[in-house]
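Reading through the structure tokens given below for one structure.
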Amino acid sequence: MAKHTSEIKINIDLDENKVPEKLKWSAPDGGVTNEEAKAIFLNVWDHNNRESLRIDLWTKDMPLDDMKIFFHQTLSAMAETFERATSDEKMSATMRDFCDYFAEKLELNKD
């Protein structure tokens, strides 16, 4: 039996066309309570079907420039997670190279 369970909760306010207007999330064990977000990407591994299931949501007022940064940071985090999960340094470095290329092409590194 589990000694502790933890909950992450996502609330989505939709407009009449079911387009997200507000996203709020809570993770009490992480000290997060009803915090607003503009975008959420959630991936879950279905081990029975050996496929990734995902939910990609963003509010209609999510700025395009912020979405580009969000994608870059998500891709960068995936490279780090991949290395921790697999210890595959070579592929992780390749993923980081792509993240650098992605940032360069979107001109995210401009000051």
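Structure values in brief
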| quantity | calculated |
| --- | --- |
| Per residue Cα convex hull volume in Å³ - calculated over the chain | 181 Å³ |
| Residue among LYS60, LYS18, LYS68 with the largest mean-square fluctuation in a Gaussian network model of the chain, springs linking Cα atoms under 10 Å | LYS18 |
| Residue of ILE69, ILE12, ILE55 that the Gaussian network model of the chain assigns the largest fluctuation, springs spanning Cα pairs under 10 Å | ILE55 |
| Net length gained if the chain between ASN49 and LEU108 were fully extended (0.36 nm per residue, minus Cα distance) | 17.5 nm |
| Tensor-based shape of segment 42-81 (alpha-carbon gyration tensor, a/c under 1.5 rounded, otherwise prolate or oblate) | oblate |
| Entries in LYS24/LYS60; LYS18/LYS38; LYS9/LYS60; LYS68/LYS105 that, when Cα-Cα distance is taken, lie over 18 Å | LYS9/LYS60 |
| Shape category assigned to segment 22-63 from the gyration tensor of Cα positions, a/c cut at 1.5 | oblate |
| Gaussian network model of the chain, springs between alpha carbon atoms under 10 Å - residue of ARG84, ARG96, ARG50 with greatest fluctuation | ARG50 |
| Computed over the chain: relative contact order in percent, which uses C-alpha pairs under 8 Å that are six or more apart | 15 percent |
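No value in this document is a laboratory result; all are computed from the given coordinates. Remember, it's a predicted structure, so these values are computed and weren't measured experimentally.
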